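The structure appears below as structure tokens.
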Amino acid sequence: MKASRRLFLQLFVTTAVSRCLLDAVQATSQQTAANYTAFESPTASERGDLRLALISDLNGPYGSTRYSPTVATGLDLLSELKPDLVLCAGDMVAGQKLSLTDFQLEAMWNSFQSAVLNPLLQKGIGMIPAMGNHDASSQTTGSRYVFARERHQAETFWGRQKSRLGLEFIDANQYPFQFSVKQPGLFVVVIDASSATVDQGQQRWLEQALASKSRSPDDFCVVMGHLPLTAISVGRDRAGECIEDATKLTDLMQQHHVDLYLSGHHHAWYPGELKGQRVLSLGAMGNGPRRLLGTQRTSDPSLTLLDLFQDKKAVRETTFSLKTLEPIRLDSLPKQLSGKSFPTLDRRDIHWSYGT
Ligand SMILES: [Fe+2]
């Protein structure tokens, strides 16, 4: 790309991001007024005491070391939004193919480091990663991991990054696959939902992690895994694309007062409630956006911002389209998602109280 064109694109994105933020404040204010019921609305221009950015599904085609332009747009947006922390629900590189060499796998992680991770860390923004099926799939054959080399590469890469992420780890014996993190006002447990199997051993571990003495009753508690608890998007409403037998896991999270289960993989934003458990399916930051179940329109690539107002225990969620750089309206989503053989998911509000 010629330097003049690159400069033009940079100026365009910067201008568009600034303009979108002004528009976003206005648009979100309107949504806020329309949707608030439980408590007085914090103004949309008000930054939360804790601001979390939620991203997912950045990867390109198998083996690719490049990212789609929407990933760069999302990173520019994050520079403007200045979150305290980024939570990434997985699929950061383009693995899950046995023919990829170790050299290729390493090159993809190096590219992720230079294109995504370093720019965030250099701005003082930490990251909590969850492993996706394209990063380090936990699929097994017999007692062996099918993608053992990919898991090894991911473990090596994230091991090198561990001290750079700005995190206080609580239980990191199986980092980066499953671990817990404590930050001021926040408790995050990452599970290995990089395949549909979250076995009993991991469920027991999750229960222990959630019961940790390091978790304060005032903490906003998030469990993050790559696959969702139920079907969200067309083509992913089938076995292998959602956590199998998720009822126990859902019950366990409810019993332990998890405020939000955060997932990726279905490439479509949907704030839902599943049998009383609040969940959030993230849109893709990169390639391959999908249609929500029962809809015709492809979801926009997106990222989500959570502003936490700790004295009111209030949360404001804003999801930005990376196509228009504007917030996506909640009422543009269906009120319910129903997939064959999967529990129905109800749409929920994007302004809510936590810890209740
Ligand atoms: Fe995925």
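The values are calculated or read from the model by the stated rules, or taken from the named source; none is laboratory data. Source: prediction; values computed, not measured. Here the Cβ positions follow ideal geometry from the backbone for every residue, glycine too, while neighbour counts run over all protein chains shown.
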Restricting to segment 88-119, and then to whatever is farther than 26 Å from LEU78 by Cα and free of Cβ contacts under 8 Å to residues at least 24 places away in the same chain, can you tell me which residue is farthest from the ligand (Cβ to nearest atom)?
PHE103
Does segment 142-149 contain any residue that is assigned to a strand (DSSP E or B) and over 18 Å from the mean Cα position of the chain (by Cα)?
yes
Mind counting the residues in segment 49-68 that are in contact with a strand residue (DSSP E or B) (Cβ under 7 Å, 6 or more places away or on another chain) and buried (at least 24 other Cβ atoms within 10 Å of the Cβ)?
4
What's the number of the only condition in (1) more than 16 Å from the ligand (Cβ to nearest atom); (2) touching a residue at least 12 places away in the same chain (Cβ under 8 Å) that ARG204 fails to meet?
(2)
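Only one of LEU210, LEU227 is hydrophobic (A, V, I, L, M, F, W, C), touching a strand residue (DSSP E or B) at 6+ places or on another chain (Cβ under 9 Å), under 28 Å from ILE170 (Cα atoms) and within 16 Å of the ligand (Cβ to nearest atom); which?
Values: LEU210 fails: within 16 Å of the ligand (Cβ to nearest atom).
Just one listed residue meets the conditions, LEU227.
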Is it the case that some residue within segment 120-129 is over 22 Å from THR324 (Cα atoms), within 16 Å of the ligand (Cβ to nearest atom) and part of a helix (DSSP H, G or I)?
no
For segment 156-186, which positions are of a type in the set (Asp, Glu) and either crowded, with 16+ Cβ neighbours inside 10 Å or modelled with pLDDT under 95 (or both)?
ASP171
Do you know which residues across segment 308-325 are surrounded by 20 or more Cβ atoms within 10 Å (Cβ to Cβ) and either over 15 Å from the mean Cα position of the chain (by Cα) or not in a strand (DSSP E or B) (or both)?
LEU308, ALA314, VAL315, ARG316, LEU322, LEU325
Given the conditions (1) in contact (Cβ under 8 Å) with a residue 40 or more places away in the chain; (2) surrounded by 24 or more Cβ atoms within 10 Å (Cβ to Cβ); (3) closer than 21 Å to MET131 by Cα, every one holds for LEU345 apart from (3)
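Within segment 130-156, which residues are more than 16 Å from the ligand (Cβ to nearest atom) and over 14 Å from GLY90 (Cα atoms)?
Pass one, segment 130-156, residues more than 16 Å from the ligand (Cβ to nearest atom): 140-145, 148-149, 152-153, 155-156.
The answer is THR140, THR141, GLY142, SER143, ARG144, TYR145, ALA148, ARG149, HIS152, GLN153, THR156.
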LYS123: passes all of (1) more than 18 Å from the chain's Cα centre (by Cα); (2) charged (D, E, K, R); (3) under 20 Å from SER302 (Cβ atoms) but (3)
Mind checking which residues of segment 206-229 are crowded, with 20+ Cβ neighbours inside 10 Å and either among the hydrophobic types (A, V, I, L, M, F, W, C) or over 23 Å from VAL315 (Cα atoms) (or both)?
LEU206, ALA209, PHE220, CYS221, VAL222, VAL223, MET224, LEU227, LEU229
Quick one: ASP218 ticks every box in (1) part of a loop (DSSP other than H, G, I, E, B); (2) over 19 Å from LEU260 (Cα atoms) bar one, so which box is it?
(2)
Name the residue that is surrounded by the most Cβ atoms within 10 Å (Cβ to Cβ), counting only residues in segment 103-155 that are under 27 Å from ALA196 (Cα atoms) and basic (Lys, Arg).
ARG151
Sort out which residues of segment 248-283 are more than 16 Å from the ligand (Cβ to nearest atom) and small (Gly, Ala, Ser), and write them in order of number.
GLY272, GLY276
